[in-house]
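Derivation of every value follows stated rules applied to the coordinates shown; laboratory data play no part. Treat the numbers as computed from the prediction; the structure is a model and nothing was measured. Glycine gets a Cβ as well: all are built from the backbone with ideal geometry, and neighbour counts include every protein chain shown.
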Amino acid sequence: MGHILFDIRCYVKDFPIPDKTSFTYSDIETSLGGSAANAACASATLGVKAGFIGNIGGDTEGGYLIQHLLKKGVDIARLRLVDGKTGKAIVIVNAESNVEVVEMRGVNEPFGKVDPTYIADAKYLLMTGTSLDALQMASHYAKENNVKVIFDPGRAKSREGLKALSSIIRNSDYLIINRAELAMMTGEKNVEKGIGKVMGENKEITSIIKGGGSPVVVRGSEDFESQPFEVKPVDTIGAGDSFCAGFIAGLVEHKSLQHSVMLANAVAAAKVERKGAHNVPSRAEIKKRFKI
């Protein structure tokens with residue numbers, strides 16, 4: 001549940017600066033984007049039965065995204081067609097595979113009501129950054145129906161702070177967040193202190209702190225660190241969303257928490273080797289490539 005975007009991707013040597021033009025070294029490319037939609041598509045590619053909850057406009061870009069979701073096998077029964085413009089993002093990737101994004105949210109927000117019956121039929125609910133009232137409603141419905149909640153707030157919602165997110169945290173089983181976002185949310189630069197503040201809101205939650213090239217820190221039901229896979233990055237956009245998809249795939253396969261985090265790392269690693277926000281290989285290819 002969350003945002004879906006029409007991505008316009010440019011690959012440049014250097015990011016644009018005032019009074020200087022940056023030239024792309026390949027064609028300008030378009031694809032589906034948005035954290036929740038990325039995770040849904042990546043999950044489906046990994047063999048997980050996935051559905052998407054969100055808003056889309058009745059424009060050309062919206063039609064393109066609908067066809068992409070259907071091609072990937074994502075259920076769109078709760079994809080709402082809303083009067084207005086589909087969200088768009090201009091994604092710029094430099095030679096070091098770093099990313100800058102300019103986003104137009106479009107009809108992604110306000111989010112609107114959430115269907116409790118759709119959530120109740122799920123095993124897992126992945127919520128990414130969207131309107132607080134929708135996150136509160138969805139996490140409440142999931143909690144009532146024993147659906148496991150995975151919350152990935154992203155930058156925008158992490159900036160809201162722990163107090164604003166406390167009711168959502170209390171309904172969540174897993175928090176997936178990177179180090180910078182954890183610091184934004186909790187006001188603590190120290191990872192352990194930040195996790196401590198999260199667990200002050202929900203002692204049962206498992207916090208999974210993404211590291212990029214650093215180890216993933218896991219605290220909660222189990223305490224451990226998971227090493228990343230060494231790869232040569234091409235495009236890091238969507239790596240965190242792919243991590244979530246890999247983690248969910250592990251849970252659906254009834255793997256242990258440690259195995260699921262390792263699989264999440266593998267899927268994220270495979271993603272950064274490829275262009276596009278959710279461009280991950282099949283589960284069989286992941287197993288062959290990373291022996292997991």
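Among the lysines of region 112-207, pairs at least eight places apart or on separate chains and with Cα atoms under 23 Å apart come to 27.
If R0 equals 30 Å, the separation of the Cβ atoms of K148 and T60 corresponds to a calculated FRET efficiency of about 0.25. Considering only DSSP beta bridges with both partners in the chain, what is the antiparallel share in %, to the nearest 5? Counting only bridges with both partners in the chain, antiparallel ones make up about 45 percent. Enclosing the Cα atoms of region 51-129 in their convex hull gives a volume equal to 129 cubic angstrom per residue. Just so you know, the Rg over Rh for the chain is 0.94, from Cα atoms, with Rh as the Kirkwood radius. Considering every alpha-carbon pair of region 143-273, the percent of pairs per 5 Å bin, from zero through the bin containing the longest distance, is 2, 11, 21, 25, 20, 14, 5, 1, 0.
On the basis of the beta-carbon distance and an R0 of 41 Å, A156 and D27 show a calculated FRET efficiency of 0.90. Taking all C-alpha pairs of region 171-236, those more than 17 Å from each other amount to 40 percent.
Taken along the Cα-to-beta-carbon direction at a fixed 7 Å, the label points for K287 and D121 span 2.9 nm. Gap in Å between the Cα centre of region 121-165 and the Cα centre of region 248-292? Centre-to-centre distance over Cα atoms comes out at 23 Å. Taken about its Cα centre, the chain carries a charge dipole of about 440 debye when Lys and Arg each add +1 at the Cβ and Asp and Glu each add -1 at the Cβ. Taking square-rooted eigenvalues a ≥ b ≥ c of the alpha carbon gyration tensor, is region 2-136 rounded, prolate or oblate, where a/c under 1.5 means rounded and, failing that, a/b exceeding b/c means prolate? It is prolate, given that a/c is not under 1.5 and a/b is the larger ratio. For region 164-282, a crude dipole built from +1 on the beta carbon of Lys and Arg and -1 on the beta carbon of Asp and Glu, taken about the Cα centre, is about 220 debye to the nearest 20. In the chain, taking the dipole from charged Cβ atoms about the Cα centre, the farthest positive-side position among A89, S31, F247 is held by F247. Taking Cα centre as origin and charging only the Cβ of basic (Lys, Arg, +1) and acidic (Asp, Glu, -1) residues, the dipole magnitude of region 1-150 rounds to 460 debye.
Hey, fewest Cβ within 10 Å first, where do T130, T186 land in order?
T186, T130
Please name whichever of P215, V191, A138 sits farthest to the positive end of the charge dipole of region 83-227, dipole taken about the Cα centre and charges placed at Cβ: Lys and Arg +1, Asp and Glu -1. Among P215, V191, A138, the one farthest towards the positive end of the dipole of region 83-227 is V191. What the Cβ-Cβ distance of N190 and E253 gives, at R0 = 35 Å and to the nearest 0.05, is a FRET efficiency of 0.55. Neighbour counting of Cβ atoms within 10 Å sorts the residues F52, F15, fewest neighbours leading, into F15, F52. Summary of the geometry: region 82-102 and region 1-75, compared by the centres of their Cα atoms, lie 8 Å apart. Panel note: the C-alpha atoms of region 63-215, placed on their principal axes, show extents of 46, 45, 25 Å (largest first). Paramagnetic label reach from Q67 (point 7 Å along Cα→Cβ; backbone nitrogen cut-off under 13 Å): within region 1-27, no residues.
Legend: ranking of residues C244, C41 from fewest to most surrounding C-beta atoms inside 10 Å; resulting order C244, C41. A dipole drawn for the chain from +1 and -1 charges on Cβ atoms has a positive end, and of L182, S226, H3 the residue lying farthest that way is S226.
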